[in-house]
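Trainee: If you scroll down you'll find the structure; I have some questions about it.
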Amino acid sequence: MNILLTGFEPFGGDAINPSWEVARSLQGHVIAGATVHARCLPTSFGGAPEALEAALTLFKPDLVIALGLASGRTEISIERVAVNLIDARIPDNAGERPQDVPVRPDAPAAYFSTLPVKAIRNGLRAAGHPAGLSLTAGAFVCNQVFFELQHRLAGRGVRSGFIHVPALPEQAARAQPSVPSMGLAAQIAAIQLAVAIALESEEASASAAPDEGAPTS
């Protein structure tokens, strides 16, 4: 079995992106009998879908988890919905800033994650990792990749979805005002566990657990 784990290159003036640091740290790991293959996606609306498609074609994965940075969030955010919208608040790494356009004009308005999102949330919390469910992956390249991923794998029986990670402490130290952060080792451990849960769990096993606390955005 193959797992595809993607992260993004740095963007917005940062020199590092924890999503890629986490993904590449797990490159080659065997989790529950499946091998992790990590790929770094360009933070650009033009380049990310092509890189994603190339990775899907190469590895033919049984599970795909795309990772992205959500600076300002306090926890590992398991995304539930990808929306068919691009509305960039800043330019991407190619200098493009599309606004109020669909990811795919001929596609549905939204796709749900096919990961066992509540099982992942509950498992991470039980292991001591701050984690929550999120109803929006934004409208930047993260959401574009999430939408493209779900669109390309729709009906194929491959579990897939998107998880946002917080900023690293070194990023928080430079931010004005400061933002919440989580150390890289903690992020790696959390995503490694999320992968294992996604491989082994059925969503029904966690469906009785209600959503509680403030929603992430």
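The values are calculated or read from the model by the stated rules, or taken from the named source; none is laboratory data. Note that this is a predicted model, so its numbers are computed, not measured. As a convention, Cβ positions derive from the backbone with ideal geometry for all residues, glycine included, and neighbour counts pool all protein chains shown. Accessible surface areas use protein heavy atoms only, side chains included; no ligands, DNA or RNA. Shrake-Rupley method; radii C 1.70, N 1.55, O 1.52, S 1.80 Å.
Trainee: Against the globular-protein guess of 2.2 N^0.38 Å, express the Cα radius of gyration of segment 52-112 as a ratio, rounded to two decimals.
Mentor: The value comes to 1.35.
Trainee: Give the accessible surface of segment 128-192 per residue, rounded to a whole number of Å², with probe radius 1.4 Å and ligands, DNA and RNA excluded.
Mentor: 37 Å²
Trainee: Here's a follow-up. For the pair Asn2/Gln99, report the inter-label distance in nm, with labels modelled 7 Å from Cα in the Cβ direction.
Mentor: Going from the Asn2 label point to the Gln99 one covers 4.0 nm.
Trainee: Give, in nm to one decimal, the length gained when the segment between His29 and Arg89 is fully stretched (0.36 nm per residue of separation minus the Cα-Cα distance).
Mentor: 18.1 nm
Trainee: Taking H placed 1.01 Å from N in the peptide plane, check which residues at least 5 places from Phe8 or on another chain put their amide H under 5 Å from its amide H.
Mentor: Ser19, Trp20, Leu41
Trainee: Can you tally the net charge around Ile188? Count Lys and Arg as +1, Asp and Glu as -1, for every other residue whose Cβ sits under 13 Å from the Cβ of Ile188.
Mentor: 0
Trainee: Once the Cα atoms of segment 1-55 are picked out, what are the Rg and Dmax in Å?
Mentor: Cα-based Rg and Dmax for segment 1-55 come out at 12.0, 38 Å.
Trainee: Here's something else I'd like to know. If we sort 64-70, 150-156 on the protection proxy, mean other Cβ atoms within 10 Å, highest first, what's the order?
Mentor: Descending mean neighbour count gives 64-70, 150-156.
Trainee: Also, quick follow-up: Counting only residues 5 or more places away or on other chains, whose amide H sits under 5 Å from the amide H of Ile76 once H atoms are built in the peptide plane?
Mentor: Ala131, Gly132
Trainee: For Val30, what is the net charge nearby, where nearby means another residue's Cβ is under 15 Å from its Cβ and Lys, Arg count +1, Asp, Glu -1?
Mentor: Residues close to Val30 contribute a combined charge of -2.
Trainee: With a 1.4 Å probe and every protein chain kept in, tell me what percent of the accessible surface of segment 79-123 is carbon plus sulfur.
Mentor: For segment 79-123, the apolar C and S fraction of the accessible surface comes to 52 percent.
Trainee: What translational diffusion coefficient, in µm²/s and rounded to a whole number, does the Stokes-Einstein relation yield for the chain at 37 °C and a viscosity of 0.692 mPa s, taking the hydrodynamic radius as the Kirkwood radius over Cα pairs?
Mentor: Calculated translational D: 192 µm²/s.
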